[in-house]
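Shown next, in structure tokens, is the structure this report addresses.
Readers should treat all values here as calculations from the given coordinates under stated rules, not as data from a laboratory. None of the values given here were measured: they were computed from a predicted structure. As a convention, Cβ positions derive from the backbone with ideal geometry for all residues, glycine included, and neighbour counts pool all protein chains shown.
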Amino acid sequence: MDLRLMITPANVIAALLTLIPMLVAAFFARRVAGCARRLPLWAQNLCPAGLCAPYVLVTCAAGQFRWGWFALYALLPVAVAALLAQAIRVDGAQRGNWRDFLVLATLGLAVDLRWFEGAWPPHLAIFSKMVLLDAGIYGFIALRQLDGVGFDLRLRLSDLGIGLREVVLYTPLALALGLGLGFLHVHRTWPGFAPIASAWIFTFFFIAVPEELFFRGWLQNLLERRMGRTWALLLTAALFGLSHFNKRAVWFNWRYVLLAAVAGFFYGRAWRHERRVGASAITHATVDAIWSLWLR
């Protein structure tokens, strides 16, 4: 499909509406949380209903608007906010409550099992992932104010150093496993600096940051409080691997699962070194960019 057909005014505005909440939270988390918590409880819970706006814009422009999907994208973020608002009251110590894990399971499975992709025009289901991420950001960062997440995209030199260190450690193992299993295929081409930079930037913001925030900043963070650093790292890496079971395959792509789980181990190491999503997102984006450009 011609990418130019996807770059319409409605889609561009919708993309900005999904990116802005993520970026505002990443740069001004305390202000966002302060503003949200000053609202009455009913307003705190109803605010995220506005996250349905990208769905309205994209589908109305494409002639695919459906009231049922509209209701889902308006009400699911509200349900997430309500659950996490309850978690604040019953789990003030932030040990991790069943409501936290229910929210994560719902958001994660909705993305991995592609529950809501039918709501969107072809090739635009990434909007669903971003809207669900924004619902999680509002719930966990603005309301729950979960500590230790490390969602701060004011990147430091240490983020770059830690992120690239894990790339260096992961690459030999990935090449040995991937080439040995026939999953990776070397392409000896040089696409140029512009395609490399654009691939990395797109991957960083639309794939690496959302997935690292979910798996490391939220899931691994909460699991550490229940089972300790090592088991949380291993379990999160395994779940990250399993989330790729249906990628590039009709059924269970075990090679992808294995490589992704190993990658998840190194992403988790990058995050927990200083508990910063930026570091693990650098590792993630660099690994994905190398794979998509030279090893896919």
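So if we plug the beta-carbon distance of residue 12 and residue 193 into 1/(1 + (r/R0)^6) with R0 = 35 Å, what FRET efficiency do we get, rounded to 0.05?
Calculated transfer efficiency: 0.90.
Over region 224-282, what is the relative contact order in whole percent, taking alpha-carbon pairs under 8 Å and six or more residues apart?
RCO, region 224-282: 29 percent.
Roughly how many Å is it from the Cα centre of region 227-284 to that of region 104-165, as a whole number?
Measuring centre to centre over Cα atoms gives 14 Å.
Using 0.36 nm per residue of separation minus the Cα-Cα distance, give me the extension gain between residue 71 and residue 38 in nm, one decimal.
9.2 nm
Please give the length that would be gained between residue 252 and residue 169 if that part of the chain were fully extended, namely 0.36 nm times their separation in residues minus their C-alpha to C-alpha distance (nm, one decimal).
27.2 nm is the gain from fully extending residue 252 to residue 169.
When a footprinting reagent is the concern and you count Cβ atoms within 10 Å, what order do 137, 207 take, fewest first?
Going from least to most buried by this count: 207, 137.
Rank 20, 162, 141 by mean-square fluctuation in a GNM of the chain with C-alpha springs under 10 angstrom and give only the top-ranked residue.
Ranking 20, 162, 141 by mean-square fluctuation puts 20 first.
Could you compute the FRET efficiency for residue 62 and residue 88, with r as their C-beta to C-beta distance and R0 at 41 Å, rounded to 0.05?
0.60
Shape of the chain from its Cα gyration tensor (a ≥ b ≥ c, root eigenvalues): rounded if a/c is under 1.5, otherwise prolate when a/b > b/c, or oblate?
Taking the square roots of the gyration eigenvalues as a ≥ b ≥ c, the chain is oblate.
Across region 15-22, in residue order, what do the Karplus-derived ³J(HN,Hα) couplings come to in whole Hz, using 6.51 cos²θ - 1.76 cosθ + 1.60 with θ = phi - 60° and x for Gly and Pro?
4, 5, 5, 7, 7, 4, x, 5
Given +1 on the Cβ of Lys and Arg, -1 on the Cβ of Asp and Glu, and no further charges, what dipole in debye does the chain carry about its Cα centre, rounded to the nearest 20?
In debye, rounded to 20, the chain gives about 420.
From the backbone phi of region 65-78, what are the Karplus-calculated ³J(HN,Hα) couplings (6.51 cos²θ - 1.76 cosθ + 1.60, θ = phi - 60°) in whole Hz, Gly and Pro given as x?
Listing the rounded values in order: 5, 9, 5, x, 5, 4, 4, 4, 6, 7, 8, 4, x, 5 Hz.
Dipole of region 229-290, Cα-centred, from +1 at each Lys and Arg C-beta and -1 at each Asp and Glu C-beta, to the nearest 20 debye?
With Lys and Arg at +1 and Asp and Glu at -1, about 80 debye.
Does region 154-296 come out rounded, prolate or oblate, given a ≥ b ≥ c as the square roots of the eigenvalues of its C-alpha gyration tensor, rounded meaning a/c under 1.5 and, failing that, prolate meaning a/b above b/c?
Values: a/c = 1.81, a/b = 1.20, b/c = 1.51.
Since a/c reaches 1.5 but b/c is at least a/b, the shape of region 154-296 is classed as oblate.
Compute, for region 150-296, the length of the dipole vector about the Cα centre, with Cβ point charges of +1 (Lys, Arg) and -1 (Asp, Glu) only. Units Debye, rounded to 20. Mind dumping the intermediate values first?
Working: 16 positive and 8 negative charges, 37 e Å.
About 180 debye.
Give me the Kirkwood hydrodynamic radius of region 244-296, using the inverse of the mean 1/r over all pairs of distinct Cα atoms, in Å to one decimal.
Computed over region 244-296, the radius equals 11.9 Å.
For the pair residue 79/residue 117, report the inter-label distance in nm, with labels modelled 7 Å from Cα in the Cβ direction.
Once both label points are built, they end up 2.1 nm from each other.
Going by how many other beta carbons lie within 10 Å of each one, how would you line up 200, 218, 231, fewest first?
231, 200, 218
Would you mind ranking 206, 101, 151 by Cβ crowding within 10 Å, fewest neighbours first? Spell out each step's value before the answer.
Working: 206 19, 101 16, 151 23.
Starting with the residue having the fewest Cβ neighbours, the order is 101, 206, 151.
Whole-Hz Karplus ³J(HN,Hα) for region 188-195, in order, using 6.51 cos²θ - 1.76 cosθ + 1.60 and θ = phi - 60°, x for Gly and Pro?
Rounded to whole hertz, the list is 8, 10, 10, x, x, 5, 5, x.
Given contacts defined as C-alpha pairs under 8 Å and at least six residues apart, what's the relative contact order of the chain, whole-number percent?
Values: 368 pairs, mean separation 63.0, N = 296.
Taking the mean separation of contacting Cα pairs over the length of the chain, I get 21 percent.
Provide the FRET efficiency to the nearest 0.05 for the residue 49-residue 292 pair, computing r from the beta carbons and using R0 = 45 Å.
Computed FRET efficiency for residue 49 and residue 292 comes out at 0.80.
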